Amino acid sequence: MVAMPAWHLRDYRDDDLDQAILIWEESRQASEDPVFPVSEVMAEARAGQNAVVAVVGDELVGMAAARASGQRGWVLLVALAARWRQRGIGSALLTELERRLRALGVRRISALLPPGAAGTTALEHCGYRLRDDLVYYEKLEPQGPSNAGALTELGGRMLPEGLWDAMAGMEREKQVVERRVVLPLAEPTLADRYGVVPPKGVILFGPPGTGKTSFARAVASRLGWPFVELFPSRLAADTSEGLAAALREVFADLAELDSVLLFIDEVEEIAGVRSGMAVDPGHGVTNELLKLIPGFREHDSRLLACATNSVRSLDPAFLRPGRFDYVIPIGPPDATARSAIWDRYLRAADSVDVAQLVVASELFTPADIEFAARKGAQAAFEREVTHRQGRPATTEDYLDAIADTRPTLTAQAIEEFSEDIEKYSRL
């Protein structure tokens with residue numbers, strides 16, 4: 001039999017975060033609703049000394065954390081890697097926690113865990129007594145006026161209803177986003193019954209102007225959640241402490257909201273491929289964002305939606321499933337979608353031949369079509385102001401506008417997008 005390598009205990013460090021999250025995920029049962037969410041546990045671990053980990057070399061194999069309040073201490077977490085259980089690590093972690101709590105004057109230590117949770121055996125081995133004469137009550141306060149100030153400070157807002165239904169065309173993309181993202185978040189109880197875990201992070205990628213921002217806004221509208229858009233360039237300008245510090249502050253403020261869709265457009269600005277050199281100014285910002293995402297994911301009713309025109313420029317660590325559940329392509333509209341988009345903007349031009357416009361606008365994005373539609377309508381309007389003939393906008397007006405509009409897309413961009421779908425999409 002091959003002997004297992006020795007483990008030892010040490011203090012929790014900030015760079016343990018990713019491994020600690022993985023250990024926590026491995027320890028909890030699929031249906032388990034923890035009393036203390038992992039974001040709260042990790043915040044406590046970073047704030048004080050009441051957190052200890054077990055390591056084998058560079059691998060974190062166990063963690064325990066507690067909170068002291070006067071003479072009362074609470075065990076917040078006991079998590080163990082699956083293959084390192086039943087080896088006395090849990091008992092050792094608890095014993096070390098108890099030593100630290102006693103030094104702070106704690107005389108009564110309690111643990112509140114779901115039945116069968118990881119760590120229950122270690123608690124029993126360390127002399128903790130199961131109390132079955134207690135009933136636990138909990139109330140989750142709904143979002144109200146107390147959250148309004150936080151939402152305003154973040155520059156967020158509640159979007160009007162109906163934005164989802166107003167998304168003309170793009171039916172393929174709408175089906176993917178609805179099934180993978182919207183429905184599990186809108187029906188969490190039903191999703192849980194079928195073992196579907198609602199997503200906490202998605203990346204939308206595709207050429208400029210294809211509607212990635214509109215999709216994010218439409219999802220927030222459909223769910224009835226506040227919409228907060230994070231602008232990396234604005235964050236950098238608003239603080240003298242650096243972008244990484246500004247990111248930490250924003251994510252901390254988000255914790256005050258009971259639900260939120262956080263949208264980051266052009267996310268490659270803060271999550272681009274790292275050079276591996278410590279002097280790279282973007283290195284620390286990307287690292288900070290990678291550390292913040294796991295904590296964000298631990299809150300219920302949260303969705304991080306990031307958009308990029310260049311998915312291939314994102315750091316590989318940023319793209320991994322542990323941070324983003326889906327990587328969804330939002331491509332240029334096909335003929336059916338272009339027809340629906342033209343119909344949306346031609347409600348006052350009944351005699352226009354939409355089929356001709358669809359063919360002429362082959363490389364147009366939704367934004368290009370909107371621009372051409374407005375340009376054609378403006379030309380008809382100016383003609384009527386001059387001649388007063390009661391003549392409506394014609395097919396020729398819109399064809400002229402199309403010819404005078406430079407399309408966002410090129411054949412090369414379409415080819416690169418197809419390559420990115422094969423390499424990066426995760427549905």
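The values are calculated or read from the model by the stated rules, or taken from the named source; none is laboratory data. Since this is a predicted model, take the numbers as computed values, not measurements. Here the Cβ is made from the backbone with ideal geometry for all residues, glycine too, and neighbour counts use every protein chain on show.
Output the number of residues of segment 105-135 satisfying the condition of being out of contact with any Phe, Trp or Tyr (no Cβ under 8 Å at 6 or more places or on another chain) and touching a residue at least 40 places away in the same chain (Cβ under 8 Å). The qualifying residues number 8.
A quick yes/no check of all residues on (1) surrounded by fewer than 16 Cβ atoms within 10 Å (Cβ to Cβ); (2) assigned by TED's automatic domain parsing to the domain that holds Arg297:
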position: Asn309; (1), (2): no, yes
position: Pro316; (1), (2): yes, yes
position: Pro321; (1), (2): yes, yes
position: Phe324; (1), (2): no, yes
position: Ile328; (1), (2): no, yes
position: Ala340; (1), (2): no, no
position: Tyr345; (1), (2): no, no
position: Asp350; (1), (2): yes, no
position: Asp353; (1), (2): yes, no
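Restricting attention to segment 218-240, the residues being surrounded by 21 or more Cβ atoms within 10 Å (Cβ to Cβ) and at pLDDT 90 or above number 9.
Where helices (runs of 4 or more DSSP H) sit wholly within segment 279-345, those with at least 1 residues that are of a type in the set (Val, Ile, Thr) and out of contact with any His (no Cβ under 7 Å at 6 or more places or on another chain) occupy 281-297, 335-345. Counting only helices (runs of 4 or more DSSP H) that fall entirely inside segment 179-257 and contain at least 1 residues that are of a type in the set (Val, Ile, Thr) and within 19 Å of Pro366 (Cβ to Cβ), the qualifying elements are 212-223. In segment 355-372, the residues that are in contact (Cβ under 8 Å) with a residue 60 or more places away in the chain form Cβ pairs under 6 Å with partners that are assigned to a helix (DSSP H, G or I), at six or more places apart or across chains, as follows: Pro366/Ile341. Only a single item in (1) under 27 Å from Glu419 (Cα atoms); (2) at pLDDT 85 or above is not met by Gly272, and it is number (2). Here segment 368-424 is the region considered, the condition is being hydroxyl-bearing (Ser, Thr, Tyr), touching a Phe, Trp or Tyr at 6+ places or on another chain (Cβ under 8 Å) and outside any helix (DSSP H, G or I), and the residue that is farthest from Ala168 (Cα to Cα) is Thr405. Could you check Ser110 against (1) in the same structural domain as Ala64 (by TED's automatic domain parsing); (2) in a loop (DSSP other than H, G, I, E, B); (3) modelled with pLDDT of 80 or more; (4) exposed (fewer than 15 other Cβ atoms within 10 Å of the Cβ) and say which number it fails? In the conditions (1) in the same structural domain as Ala64 (by TED's automatic domain parsing); (2) in a loop (DSSP other than H, G, I, E, B); (3) modelled with pLDDT of 80 or more; (4) exposed (fewer than 15 other Cβ atoms within 10 Å of the Cβ), Ser110 misses (2) alone. Counting the residues of segment 298-322 that are basic (Lys, Arg) and either modelled with pLDDT of 90 or more or more than 17 Å from Leu22 (Cβ to Cβ) (or both) gives 2.
Ser418 satisfies every condition listed in (1) within 30 Å of Pro184 (Cβ to Cβ); (2) touching a helix residue (DSSP H, G or I) at 6+ places or on another chain (Cβ under 8 Å); (3) at pLDDT 90 or above except (2).
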